[in-house]
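See structure below.
The values are calculated or read from the model by the stated rules, or taken from the named source; none is laboratory data. Note that the structure is a prediction, hence the values are computed from the model and not measured. No Cβ is skipped: glycine too gets one built from the backbone with ideal geometry, and neighbour counts run over all protein chains shown.
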Amino acid sequence: MLKIAPAPVRVAPLADLLAALEAAGEETRLRLLALLAEAELTVSELVAILGQSQPRVSRHLKLLVEAGLVDRHREGAWAFFRLAERTPLAAVARAALDALDPADQTIVADRARLAETRAARAEQAARYFAAHAGDWASLRRMHAPDERVEAALADVVGAGPFHAALDLGTGSGRMLELFAPQAGRAVGVDQSPAMLAVARAALERAGLRHAQLRQGDLYALPVEREGYDLVILHQVLHYLDDPARALREAARALRPGGRLVVVDFAPHDHEALRTQHAHRRLGFADAEIAGAMAEAGLEPAPRRDVAPDKGEHAKLTVSIWLGRDRRIVADSPSAPRQEVA
């Protein structure tokens with residue numbers, strides 16, 4: 001049984017707390033906090049919602065970031081902002097927003113313009129998805145229905161809860177839709193800004209406000225080490241030139257006792273996938289993935305296969321591998337160390 005340590009209590013020095021209170025105590029900045037509690041937004045989106053100049057909005061955001069109330073991350077040429085969650089002063093912003101009347105007319109108007117921004121995002125994502133839907137549909141016909149694969153994956157992973165879940169190569173964000181509801185925190189990483197836009201729209205539709213998205217390289221992840229008890233690589237490795245390296249990097253993100261799940265194709269000879277879908281690898285043998293997991297310090301579990309339905313296009317078996325971090329974790333710093341079963 002995995003023993004999960006309680007989250008440490010975070011405190012801040014007096015000067016930092018005063019700076020955070022001062023940062024939150026201004027009308028535009030409080031409106032920004034309310035918006036960033038609802039969604040991850042860019043400067044241009046916030047400018048449109050607030051009706052203020054870009055330099056003014058950027059200046060307010062800089063103060064909120066410096067005060068530890070807002071997180072900022074880059075995604076290509078864009079910067080996204082969201083309400084801080086893991087800083088010692090995040091509770092200050094939450095307390096201020098909890099005391100804010102949701103029926104306040106300024107807040108209501110901001111929320112209405114935020115809804116328009118979200119609708120525009122969703123429309124853009126839908127256009128991209130529609131442009132590629134034919135390619136994705138043709139590939140899905142070649143393996144078991146997504147419903148069967150996802151049911152098997154959910155059975156392998158279990159019901160949770162999870163402190164934090166990490167989806168690498170998140171694509172459309174489907175894995176986050178499945179597992180973020182059971183996670184206190186969820187992060188998806190993808191290299192493609194277009195796919196991140198699709199994922200962001202999907203997460204907003206699902207109401208998963210605690211899920212975050214990051215643009216990044218799977219060989220050099222833009223996330224903290226040892227921060228996640230569930231890491232997922234779903235239909236990603238066959239695109240990579242060095243899958244073992246990506247597995248090692250994914251394993252570094254695991255907390256002691258955490259689990260890494262790989263979903264990919266079993267070995268096949270469908271060469272057209274190289275030219276039509278940019279696959280570098282035609283599936284993976286069990287020994288290759290299990291061996292790479294072992295080299296990354298994980299204990300591999302038996303593979304689970306989901307065979308395709310019978311049909312003209314059915315050719316690909318989906319395999320699910322699970323690796324568990326071999327380290328152990330205790331109930332608390334003073335508790336006896338417990339084995340991960």
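Only a single criterion out of (1) in contact with a helix residue (DSSP H, G or I) (Cβ under 9 Å, 6 or more places away or on another chain); (2) of a type in the set (D, E, K, R); (3) assigned to a loop (DSSP other than H, G, I, E, B) is not satisfied by Arg86, namely (1). Apart from one condition, Val329 fits all of (1) closer than 26 Å to Glu150 by Cβ; (2) at pLDDT below 95; (3) under 24 Å from the mean Cα position of the chain (by Cα); the exception is (1). Counting only strands (runs of 3 or more DSSP E) that sit wholly inside the range 180-284, those with at least 3 residues that are of a type in the set (D, E, K, R) are 254-265. Scan the range 292-308 for residues that are more than 17 Å from Leu240 (Cα to Cα) and in a helix (DSSP H, G or I) and the total you get is 2. When each of Leu153, Leu168 is tested for being crowded, with 18+ Cβ neighbours inside 10 Å and over 12 Å from the mean Cα position of the chain (by Cα), the lone residue that passes is Leu153. Does the range 179-201 contain at least one residue that is closer than 18 Å to Val318 by Cα, surrounded by fewer than 24 Cβ atoms within 10 Å (Cβ to Cβ) and charged (D, E, K, R)? Looking through the range 179-201, none of the residues is closer than 18 Å to Val318 by Cα, surrounded by fewer than 24 Cβ atoms within 10 Å (Cβ to Cβ) and charged (D, E, K, R). For the subset of the range 309-325 comprising residues that are in a loop (DSSP other than H, G, I, E, B) and surrounded by 13 or more Cβ atoms within 10 Å (Cβ to Cβ), which member is modelled with the highest pLDDT? Looking at the filtered set, the residue picked out is Thr317.
Condition check: at pLDDT below 90, hydrophobic (A, V, I, L, M, F, W, C) and within 22 Å of Glu147 (Cα to Cα). Does Leu260 satisfy that? Against the criterion (at pLDDT below 90, hydrophobic (A, V, I, L, M, F, W, C) and within 22 Å of Glu147 (Cα to Cα)), Leu260 does not qualify.
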